[in-house]
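Asks: Provided herewith is a single structure, encoded as structure tokens, for subsequent inquiry.
Throughout, read-outs are computed from the coordinates displayed, never taken from laboratory work. Treat the numbers as computed from the prediction; the structure is a model and nothing was measured. We place every Cβ from the backbone using ideal geometry, glycine too, and count neighbours over all the protein chains shown.
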Amino acid sequence: MKFTRRQFNKAVIGGAGLAAMGPLGRAFADRNDQMNILCWEGYNSDEVLGPFRSAHSGATVRAESGTSDPDMINKLRAGEVNVWDLINVNQPWAKAQLYPEKLIKPLNKDRFLPYFDRMLPEFSGPYPLAFADDGELIGMPQRYGPFSFVVNTDKISREMAEDQGWKLFLDPNMKDRFGILTYDNWNIMHMCLTGDQNPFEPMDEAGLETFKGTAAAIFGGAKLLTDDLVAMNTALINGEIDAYFTGGTYTASPARYDGATNVRAITPNSGPVDGKGGVVWIELTSAVNNPDPSSLAEDFLEFVQDPDIAKAVSFAEGTYNPVSQMGDEAVFSKFDADELDAIQWDSLGEEMARSLDYQVISSYDALNELYNAAKRG
Amino acid sequence: MERHDRTMGLLSALPVLLVLLLSFAAPLLVVLAFSVMPPKVFDLAHMPDFSAYGVLLSQGYHRSLAWALGTALASTILLFLICWPLAYAMAKVFKRFTLVITVAVVITLFVSENIRLFGWVLTLMKGGLIEGHLRALTGMSFEGALYNVPIIIFGLVYVYFPFMLFPLVQGISMVPDDARQAASDLGASKWQVFWEIDLPLSAPGIVVGSLLSFVLAAGAMAESKLLGGQAVIVIADEIETAFTYGQNWPLGSALSIVLILIIGSLAVFGVSRVDLDSIMGRGR
């Protein structure tokens, strides 16, 4: 084939034209017709996004669900602040990492503070951990749940598990009878509580040594490790194990809603921090500090406060969770008896009262090293 | 004129060539650069301090590396032993039935690896397909077969089966029947034919199949997570943990670089030992 000067010139001009279009195209784009949310599963479901898309026809609404908080945060750190408008993570990550690193920005208090009034009592204060240390509102709480451990109540009674608390997993009788759900940041916190330590206070050498012993004992007694809650529930229902370390309404609810109500999330009756031994997670949905922001981001945050949508978020595919908006009768009345039983509504209030707020683990780096070394065996 | 054509062609291909080269090399270079950064940083504007490699040595990561390479080696050897007779039959005996087997094996690839492995979990677990039926029919019961090292190797063999089988079939089909018959005529035993004719002449297929299965298995973690219940922690798992829960990108990068170096040198060594052009159909 001959390659003429004319063809060469055409190729060069074409290439240059395309290169010039890139930056130009950006300048003309209007981002108020776009909204991208990076979230835990649920906010990306059709039940939630469908009505929002109908209300904003012509807008492009995209959602992607992450598999862990740090996974999603890595995306923002890797430069995707330009892509996302909202991010939905557990509150310590928002407060300790996203806000100080300017990856998220404060919300409009005038617009969002009134919504706290209709939330459950735990949140209506308003919920203090939704605010940064400088007093700014950094996200809206919605889904939450006590998160400690899960047992099969046919094998271990609820009362016994609540009384024995975390020590259940150090009991020699439990060797090879429990699994570890490897949500690592949770396990680190829970192993501290098992060893009667406060995970939210800095730890000295002796403390680290205690933690090392607890981690070794728990990993040594475990029959299986997995980060898949379905695999873990399956093993629990089939009798491979009788309990699993780290779990809560979030992990037990899908099994319970399927009829396996012997799968029950447990919150210990007592523990080392202010007499409490359980921990509760609370998600915050925050506005990403996108240099080219979309006004639809705050519209969406307001939209998910609506009773129908709050219910859809609560019972989206995958896992089922209480929502802070259940303090509003209009939201609460949307739940039937089976749904309330799946999220253990009967004991939710008392479990919350026995739970600590999930906070930043002070000596996370040192504990994480010891934890992973113990996991390696 | 021809030289002029070639220069012009090269010049106009240059931008695309650069983009391709950059998109292949850039991610690896970024990983390499991150691996020498101080711990817990999220950009490259820091003085290199190589501390991640120190952590790697002091924190016992060699065990995870050894487990990953060990299970990969065991599964590769098993795969070779299992696939050889089948590949031989597909190349030399089955004729049209080969197509049926090929389609059957390829179809499994259409289903995601995690779903296939979860199918095995449901089959092998206590109260699963096997133990559950046995208990219902005979009253006998046994502990499930999951959550140990042999089951991880089984998972690797199952998942990477096609990656060994097809290169072996290709390799064996390159062995001329004449050579095998000549060897027999000259008094070689079946074993000698296998050792001195089949193996050396199908070496390119063996090397490609072994490399593919080994490299993929060394970087695999679904098998150890789903079937093995993380009875052992493999290096891919450690890399994921370092990048996510550890929020230590330099450590994750250093672990990745070590794995890339080990597997890369094995691949280069393996490929340099055989004539790959022959299996690609060139040079004949």
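Asks: Remind me, relative contact order of chain A in percent, using alpha carbon pairs under 8 angstrom and six or more residues apart?
Replies: 26
Asks: How much space per residue, in cubic angstrom, does the convex hull of the C-alpha atoms of chain B take up?
Replies: Per-residue hull volume (Cα only) is 217 Å³.
Asks: Roughly speaking, what % of Cα-Cα pairs in chain A are separated by over 35 Å, rounded to a whole number?
Replies: When all Cα pairs of chain A are counted, 31 percent exceed 35 Å.
Asks: Using each residue's phi in region A:96-108, evaluate 6.51 cos²θ - 1.76 cosθ + 1.60 at θ = phi - 60° and report the 3J(HN,Hα) Karplus result to the nearest Hz, with x for Gly and Pro.
Replies: 8, 10, 5, 5, x, 8, 6, 8, 10, 10, x, 8, 6
Asks: Projected onto the charge dipole of the protein assembly as shown (+1 at Lys/Arg Cβ, -1 at Asp/Glu Cβ, origin at the Cα centre), which of B:Phe34, A:Ile282, A:Asn32 gives the Cα projection farthest towards the positive end?
Replies: B:Phe34
Asks: Right, here's the next one. Name the shape class, rounded, prolate or oblate, that the alpha-carbon gyration tensor gives for region A:204-313, where a ≥ b ≥ c are the square roots of its eigenvalues, rounded holds for a/c under 1.5, and otherwise prolate holds if a/b is larger than b/c and oblate otherwise.
Replies: Cα axes put region A:204-313 in the oblate bin.
Asks: For the protein assembly as shown, report the translational diffusion coefficient in µm²/s to the nearest whole number, using Stokes-Einstein at 10 °C, 1.306 mPa s, and a Kirkwood Rh over Cα pairs.
Replies: D, rounded to a whole number, is 56 µm²/s.
Asks: Can you list which of the DSSP-assigned H helices in chain B have a Cα extent of 20 Å or more along the long axis and an average Kyte-Doolittle score of at least 0.5?
Replies: Taking the DSSP H segments of chain B (at least 20 Å long, mean hydropathy at least 0.5), we get B:2-35, B:61-88, B:149-173, B:203-218, B:249-273.
Asks: Given the C-alpha atoms of region B:1-152, compute the convex hull and give its volume per residue in Å³.
Replies: So the per-residue hull volume is 282 Å³.
Asks: When ranked by the protection proxy of mean other Cβ atoms within 10 Å per residue, highest first, what sequence do the peptides B:111-122, A:190-201 form?
Replies: A:190-201, B:111-122
Asks: Using a Cα-Cα cut-off of under 23 Å, which lysines could be cross-linked to A:Lys311, ignoring same-chain neighbours fewer than 8 residues away?
Replies: Reachable lysines: A:Lys334.
Asks: Need the list of lysines near A:Lys102 for cross-linking: C-alpha distance under 18 angstrom, and skip anything on the same chain fewer than eight residues off.
Replies: A:Lys75, B:Lys40
Asks: Between region B:105-159 and region A:41-89, how many Å separate their Cα centres?
Replies: Measuring centre to centre over Cα atoms gives 36 Å.
Asks: Compute the separation of the alpha-carbon centres of region B:1-70 and region A:160-181 and state it in Å as a whole number.
Replies: 45
Asks: Related question: If the reach is capped at under 21 angstrom between alpha carbons, list the lysines near A:Lys276, excluding any in the same chain fewer than eight residues apart.
Replies: A:Lys167
Asks: Using alpha carbon centroids, what distance separates region A:108-139 and region A:205-241, in Å?
Replies: Using only Cα atoms, the two centres lie 36 Å from each other.
Asks: Assign unit charges at the C-beta atoms only (+1 for Lys and Arg, -1 for Asp and Glu), then state the dipole size of chain A relative to its Cα centre in Debye, rounded to the nearest 20.
Replies: Charge dipole, chain A, about its Cα centre: 1920 debye, nearest 20.
Asks: Convex hull over the Cα atoms of region B:171-260, averaged projected area in nm²?
Replies: Value for region B:171-260: 8.3 nm².
Asks: Please state the relative contact order of region B:59-262 as a whole percent: Cα pairs under 8 Å, 6+ residues apart?
Replies: 31
Asks: From the residues B:Gln247, A:Pro146, B:Ile235, which one has its Cα farthest along the dipole of the protein assembly as shown in the positive direction, the dipole being from +1 and -1 charges on Cβ of Lys/Arg and Asp/Glu about the Cα centre?
Replies: It is B:Ile235.
Asks: Stokes-Einstein at 4 °C, 1.567 mPa s, Kirkwood radius from Cα pairs: D for region B:82-237 in µm² s⁻¹?
Replies: Approximately 72 µm²/s, per Stokes-Einstein.
Asks: Follow-up question, since we're still on this one. For chain B, modelled as a GNM with alpha-carbon contacts under 10 angstrom, which of B:Val207, B:Val149, B:Val106 fluctuates the most?
Replies: In this elastic network of chain B, the residue with the biggest mean-square fluctuation among B:Val207, B:Val149, B:Val106 is B:Val106.
Asks: Still on this structure: What order, most packed first, do the peptides A:236-243, A:49-56 have when packing is the mean number of other Cβ atoms within 10 Å of each residue?
Replies: Per-residue Cβ counts within 10 Å, averaged per peptide and sorted highest first, yield A:236-243, A:49-56.
Asks: Hey, could you grab the Kirkwood Rh for region B:125-192? Inverse mean 1/r over distinct alpha carbon pairs, Å, one decimal.
Replies: One over the average 1/r among Cα pairs gives 16.4 Å for region B:125-192.
Asks: Moving on to the next point. Distances longer than 24 Å among the Cα atoms of region A:268-377: what percent of all pairs is that?
Replies: For region A:268-377, the share of Cα pairs beyond 24 Å comes to 49 percent.
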